[in-house]
Amino acid sequence: MRLLCSKGKNTIRTALGIALAASVSAPVFAADYPNKPIQMIVSFGAGGSTDTMARIFAKYAEEAIGERIVVVNRPGAGGELGWVHLANAEPDGYTIGLINSPAVEVYPITRAESVGYSLDSIRPLANVVTDPGVLAVAADSPYQNLDDLVAASREEPGSVTVSHEGVGGDDHLAALDFAEAAGIKLNFVSFSGNAEATAALLGGHIDAFEGNMSEAANQINEGKVRGLAVWSDKRMDPIPNVPTGEEQDYNVSSAASRGLAVPEGVPEEIYQQLLEASREVIENPEFQAEMDKLNMPLDALYGQEYAEFLDASYKTLKVMWDNEPWIEQ
């Protein structure tokens, strides 16, 4: 299994760019919308990268749309519980939610008979950031690099514990991909969010943290944790001393895309109003500066372009699952 969560995005942009530009017309906005607070669902715990991004986005979106936005955390099942709530909410424009790729595409594949939503039950608004994966250990860990961790795992298979934020999410799939590339068995431990996983790492309860660059960069630079690898095709500016997996002969690529969506069925004029507000936030230099401080790489995709990206990711993951299912570990 070789995972590249953001693969195909540039191709999609190129293919759709001309069509989108040709089809855009001036949106017609609902005159009485919004007239009460808007709920923004975050499917992970407070303090994590998704929650942090959501709260900053909400601050600027309130200015853009002219109404209060209330962030509501609904963690559980790796994001699934929050997305079920989003998909089943009244499609009136007063519920929006953060969606995380690839996890939001994965559950309708792996839990097709029990999952409470589908990609057809939510309508994407805009992708905001795409955040590469990072594998890190505590500063006092004996593992100085990936080879050290691999050697320990080979000596005692399953002895190295690694965090993730839900089976089928980018963290879990990246760690599975690394384990396959290295020919080792890892012991996976699921957490509801980055803050909980980081506390477990620093407290010595797990051996390694699999998360995203934005979640680990500050602690890496402060010397609290040691980055063993960033799962990107090049070193990242916020953590320039952390080598890529490929530099260490492990061909693994992974990233998390975080964006916004509404329940399917939201009236078109309200959808367009939310879309324009999202664009205004993402293109706001002050918002961009805050994302930069948080080491969150902006990666804007709007409307249909974002929907096409999620659909392409779903199809890629479906093929992977059909050919070689990953299982809960």
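Quick notes
- Scanning the stretch 107-160 for residues that are more than 29 Å from THR316 (Cβ to Cβ) and not in a loop (DSSP other than H, G, I, E, B) yields VAL137, ALA138, ASP147, ASP148, ALA151, ALA152, ARG154, GLU155.
- Evaluating ASN295 against the criteria (1) of a type in the set (S, T, N, Q); (2) within 25 Å of LEU119 (Cα to Cα); (3) under 19 Å from the mean Cα position of the chain (by Cα) leaves one unmet condition, (2).
- Qualifying positions in the stretch 106-130 - more than 21 Å from SER278 (Cβ to Cβ), open to solvent by 30 Å² or more (accessible area, probe 1.4 Å) and in contact with a Pro (Cβ under 8 Å, 6 or more places away or on another chain): THR110, SER118
- Selected residue (only one of ALA54, ALA87 is among the aliphatic types (A, V, I, L, M), open to solvent by less than 10 Å² (accessible area, probe 1.4 Å) and part of a helix (DSSP H, G or I)): ALA54
- Any hit, the stretch 62-82, residues being in a helix (DSSP H, G or I) and without any contact (Cβ under 8 Å) to a residue 24 or more places away in the chain: yes
- Residue among LEU301, LEU310 that is out of contact with any Gly (no Cβ under 6 Å at 6 or more places or on another chain), open to solvent by less than 70 Å² (accessible area, probe 1.4 Å) and not in a helix (DSSP H, G or I): LEU301
- Looking across the stretch 232-249, the residues that are open to solvent by less than 20 Å² (accessible area, probe 1.4 Å) and touching a residue at least 40 places away in the same chain (Cβ under 8 Å) come down to SER232, ILE239, VAL242, GLY245.
- Flag if PRO267 is open to solvent by 70 Å² or more (accessible area, probe 1.4 Å) and over 17 Å from the mean Cα position of the chain (by Cα): no
- Across the stretch 276-298, the number of residues qualifying as without any contact (Cβ under 8 Å) to a residue 40 or more places away in the chain and open to solvent by less than 70 Å² (accessible area, probe 1.4 Å) comes to 1.
- Selected residue (criterion: surrounded by the most Cβ atoms within 10 Å (Cβ to Cβ)) from residues of the stretch 164-202 that are more than 14 Å from the chain's Cα centre (by Cα) and among the polar types (S, T, N, Q): THR198
- Residue satisfying condition, being under 27 Å from VAL319 (Cα atoms), under 16 Å from the mean Cα position of the chain (by Cα) and either surrounded by fewer than 19 Cβ atoms within 10 Å (Cβ to Cβ) or at pLDDT below 95 (or both), within set ALA103, ALA46, ALA15: ALA103
- Any chance PRO91 is closer than 18 Å to LEU275 by Cα and touching a residue at least 24 places away in the same chain (Cβ under 8 Å): yes
- The set of residues from the stretch 218-231 being surrounded by fewer than 24 Cβ atoms within 10 Å (Cβ to Cβ) and either of a type in the set (D, E, K, R) or under 16 Å from the mean Cα position of the chain (by Cα) (or both) comprises GLU222, LYS224, ARG226.
- Scanning the stretch 247-276 for residues that are assigned to a helix (DSSP H, G or I) and touching a strand residue (DSSP E or B) at 6+ places or on another chain (Cβ under 9 Å) returns GLU247, GLN248, ILE270, TYR271, LEU274, LEU275.
- Taken over the stretch 236-267, residues that are farther than 24 Å from LEU298 by Cα and among the charged types (D, E, K, R) amount to 3.
- Which listed residue is at pLDDT 95 or above and of a type in the set (D, E, K, R), from ASP92, ASP131: ASP92
The values are calculated or read from the model by the stated rules, or taken from the named source; none is laboratory data. Since the model is a prediction, treat every value here as computed from it, not as a measurement. Here Cβ is always computed from backbone atoms with ideal geometry, including for glycine, and neighbour counts include all displayed protein chains. Accessible surface areas use protein heavy atoms only, side chains included; no ligands, DNA or RNA. Shrake-Rupley method; radii C 1.70, N 1.55, O 1.52, S 1.80 Å.
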